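Structure record follows, encoded as structure tokens.
The values are calculated or read from the model by the stated rules, or taken from the named source; none is laboratory data. Quick caveat: nothing in here was measured; it's all calculated off a predicted structure. Here the Cβ positions follow ideal geometry from the backbone for every residue, glycine too, while neighbour counts run over all protein chains shown. Calculation scope for accessible area: heavy atoms of the full protein, side chains included, ligands and nucleic acids excluded. Shrake-Rupley method; radii C 1.70, N 1.55, O 1.52, S 1.80 Å.
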Amino acid sequence: DSGVTQTPKHLITATGQRVTLRCSPRSGDLSVYWYQQSLDQGLQFLIQYYNGEERAKGNILERFSAQQFPDLHSELNLSSLELGDSALYFCASSADRDRGAFFGQGTRLTVV
Amino acid sequence: AQKVTQAQTEISVVEKEDVTLDCVYETRDTTYYLFWYKQPPSGELVFLIRRNSFDEQNEISGRYSWNFQKSTSSFNFTITASQVVDSAVYFCALTSLRGYGGSQGNLIFGKGTKLSVKP
């Protein structure tokens with residue numbers, strides 16, 4: 001168990017809808033990362049938050065946004081969903097001393 | 001640009017065989033970190049090892065061993081006496097202190113190698 005918790009584990013929704021994925025990092029970790037894993041693109045870094053502030057952006061679509069709250073949990077918001085957004089979304093967290101990140105179990109999003 | 005290449009898309013072996021998963025990386029940074037993660041059929045990403053660019057010592061952990069060679073930019077992973085439970089997709093990943101705003105958690109992943117171990 002990595003200590004990173006993601007909810008829900010599975011999500012099925014229709015095209016055009018909006019969903020929110022939630023992540024609770026390991027206790028004390030200030031950095032939270034979101035990754036997308038799809039068959040086409042593999043594992044891709046989307047965005048990083050550090051202690052409530054956006055730190056870095058990767059290949060994140062404009063329809064997607066994230067935030068990190070004062071209690072350090074994070075949410076990834078996906079809107080105007082398309083079939084191609086179906087993927088496994090991972091959250092990861094790390095402490096300043098870490099070299100690398102610890103991943104949650106992922107949220108499998110299916111857009112129908 | 002940073003890049004990780006795992007040329008082997010799929011490997012199939014019979015139980016007890018040794019198998020090596022290849023990983024070649026590209027980076028201009030002198031300080032970087034390399035990782036291997038395992039993704040079993042259940043989907044989670046399991047951390048296996050981290051190696052920094054200044055430590056070229058090979059590492060062995062049980063049936064797992066890793067061979068890091070800066071001269072060839074490779075970080076290969078060998079499973080000795082493979083078992084059915086080793087069946088998974090294995091990812092090699094790279095990060096540097098100057099990647100994506102200086103954080104260590106922004107990993108560049110290879111496409112992964114799917115390992116199937118048959119009884």
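So for segment B:87-96 (the condition being modelled with pLDDT under 90 and open to solvent by 40 Å² or more (accessible area, probe 1.4 Å)), does at least one residue qualify?
Taking segment B:87-96 first, the residues modelled with pLDDT under 90 are B:95-96.
From what's left, open to solvent by 40 Å² or more (accessible area, probe 1.4 Å): none.
No, segment B:87-96 contains no residue that is modelled with pLDDT under 90 and open to solvent by 40 Å² or more (accessible area, probe 1.4 Å).
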Under the condition of being part of a loop (DSSP other than H, G, I, E, B) and over 17 Å from B:PHE47 (Cα atoms), which residue from segment A:81-112 is farthest from the other protein chains (Cβ to nearest Cβ)? A:GLU82
Since B:GLN57 meets every condition but one in (1) out of contact with any Gly (no Cβ under 9 Å at 6 or more places or on another chain); (2) part of a loop (DSSP other than H, G, I, E, B); (3) within 28 Å of A:ARG108 (Cβ to Cβ), which condition does it not meet? (3)
Regarding A:GLN44, is this residue part of a strand (DSSP E or B), within 13 Å of chain B (Cβ to nearest Cβ), open to solvent by less than 10 Å² (accessible area, probe 1.4 Å) and farther than 21 Å from A:VAL112 by Cα? no
For the subset of segment B:60-85 comprising residues that are of a type outside the set (S, T, N, Q) and part of a strand (DSSP E or B), which member is surrounded by the most Cβ atoms within 10 Å (Cβ to Cβ)? B:PHE75
If you take the residues in segment B:23-54 that are loosely packed, with under 13 Cβ neighbours inside 10 Å and not in a strand (DSSP E or B), which one is nearest to the other protein chains (Cβ to nearest Cβ)? B:SER42
With respect to the numbered conditions (1) crowded, with 19+ Cβ neighbours inside 10 Å; (2) facing chain B (nearest Cβ under 9 Å), which one is the sole condition not fulfilled by A:SER24? (2)
Here's a check for you: in segment A:62-80, which residue that is surrounded by fewer than 22 Cβ atoms within 10 Å (Cβ to Cβ) and touching a residue at least 24 places away in the same chain (Cβ under 8 Å) is farthest from the other protein chains (Cβ to nearest Cβ)? A:SER80
Residue among A:TYR49, A:TYR33 that is within 11 Å of chain B (Cβ to nearest Cβ), in a strand (DSSP E or B), modelled with pLDDT under 95 and under 19 Å from A:ARG108 (Cβ atoms): A:TYR33
Filter segment A:27-41 for residues that are polar (S, T, N, Q) and more than 17 Å from A:GLY84 (Cα to Cα); the one that is most open to solvent (accessible area, probe 1.4 Å) is A:SER27
